[in-house]
Each structure stands twice: as structure tokens, then as C-alpha cells.
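Structure record follows, encoded as C-alpha cells.
The values are calculated or read from the model by the stated rules, or taken from the named source; none is laboratory data. Treat the numbers as computed from the prediction; the structure is a model and nothing was measured. Here the Cβ positions follow ideal geometry from the backbone for every residue, glycine too, while neighbour counts run over all protein chains shown. Side chains are part of the model used for accessible areas, which takes the heavy atoms of the whole protein and leaves out ligands, DNA and RNA. Shrake-Rupley method; radii C 1.70, N 1.55, O 1.52, S 1.80 Å.
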Amino acid sequence: MTGKEKDCVCPVERAGSLDSRIRRWFQNPRKILEPYVTEGMTVLDFGCGPGFFSIDMAYMVGPSGRVIAVDLQEGMLQILRDKILGTELEERITLHRCEELMVNIPREIDFALAFYMIHELPDQRSFFKEIAEALRPQGRLLVVEPPFHVSKEDFEETIQKAQGAGFVLVERPKVLLSKAALLEKSQWNYFVDFS
Ligand SMILES: C[S@@+](CC[C@H](N)C(=O)[O-])C[C@H]1O[C@@H](n2cnc3c(N)ncnc32)[C@H](O)[C@@H]1O
């Protein structure tokens, strides 16, 4: 992790607040993901943290599907590993520790989630480019960002960077206490550098 990332990345000590019952009341993973995740899909939970979304995603894709849960911090992945140990989900969730931006994930993803994590990235353009490469044609990416850390302008800039990496903005779903965008990999998948 670089010095800049250390300052921005949500520490493992905050994992409990990300994984709380109270959060489930206002950000129910199944309700949020129901329109996008179906049985048999291969899905990516990028910046999965303690797996608040990964576990529900694993039930939603069922035994024939797969969840790839990626995080920068081993401490976050260990919390998720402990939760699924000895359960049916152990086979269904692949844990992957990425080294900074080297996501290095298989190129067969149907749906990707980046929940409350993009503002922690030092290089959003590279992230979108890598996710676009990993998604199947017309695969979708749901980006959700927190309301206070991320201004309206910053969020619009994030969407522009995604569009520069070949994503098309499909809709702006309503997610409580958040800014959200559903993006689809364009069939041409080009990369434009706006910098
Ligand atoms: C605020 S937490 C959100 C966790 C989870 N998505 C949720 O909503 O509960 C952000 C997570 O993104 C991870 N993260 C930050 N930068 C990352 C990167 N470059 N690659 C992978 N994960 C990263 C952090 O380690 C942290 O677990």
C-alpha cells in the first residue's frame, strides 16, 4: 500500500460498522442487488471489506454461480474467510487479495459491484479499464458511493472516467444514503484518456 492509499483506505478496525444489523435495515444487499444478480452468474465484489455484500451475492448466484471477493487488505478478507469457513459458501466465494491496482481477475464476470470504495482508489481510470476488461460483453457494474465523502461533482467525474473506459451509463438507481450509477460495458469497449 502506498502512503496516499494508507490515508484513504477504510481501516480493518471499521469492519464492524460495515457489517452491522443496523446497516442491513437501510442497505439490504438483496434488495439493492435483486435487479442485477441472478442464479448461475459469476459476480465480482470489488473492495468487498468484511463481505457485507459478498455473502448475500453468494446465496443469490446459487451453487452454480461464483463470487470473486477482492480486497486490498488481508484483514478484511480474513473476516470474510472466517464467516464462510465450514459452510456451503466456502466453495462459492473465491477470496482474492489484490496488490494495489493489479486486480488480476478472470475475464468472465457478469456483474461487478464497487460499493463505497471507488473514492479510496488513487487511480480510478485504471480501475475502470481493468473492470471493463474483466466483464463479459454487456456486463454491468454498479457503483455506489457515500454521500458525505463524495461530492456531486466528484461523483459526476467518476462517471465520466467510467465512460472514458468504455462504460455506458444505464441508470441511477436509488440507494439510501448514497450516490449510485449502473454502468454497462459498451460493446465496443474502447478507452479514452480525458486527462
Ligand atoms: C468502505 S470499505 C467498503 C467495503 C464494502 N464494499 C462494503 O460496502 O461493506 C472499502 C473497502 O475497499 C477496499 N479497498 C480500498 N482500495 C482498494 C483497492 N485498490 N483494491 C481493492 N480493495 C480496495 C478497502 O480495503 C475496504 O475494505
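Surface composition of segment 3-185: carbon and sulfur atoms hold 50% of the protein heavy-atom accessible area at a 1.4 Å probe. Using the Cα gyration tensor of segment 3-185, with a ≥ b ≥ c the square roots of its eigenvalues, what is the shape: rounded (a/c below 1.5), prolate (a/b larger than b/c) or oblate (neither)? Rounded is the answer for segment 3-185, as its axis ratio a/c remains below 1.5.
Once you have a ≥ b ≥ c as the square roots of the Cα gyration tensor eigenvalues for segment 1-102, tell me rounded if a/c is under 1.5, and otherwise prolate or oblate according to whether a/b is larger than b/c.
Prolate, because a/c is 1.5 or more and a/b exceeds b/c.
Cross-link reach is defined here as a Cα-Cα straight distance under 20 Å, omitting same-chain residues fewer than 8 places apart; for Lys174 the aspartates and glutamates meeting it are Glu34, Asp45, Asp56, Glu145, Glu153, Asp154, Glu156, Glu157, Glu184.
Per residue, how many Å² of accessible area does segment 3-185 show with a 1.4 Å probe?
Details: 8820 Å² over 183 residues.
Value for segment 3-185: 48 Å² per residue.
Descending by average beta-carbon neighbour count within 10 Å, the peptides 91-99, 19-27 line up as 91-99, 19-27, the highest first.
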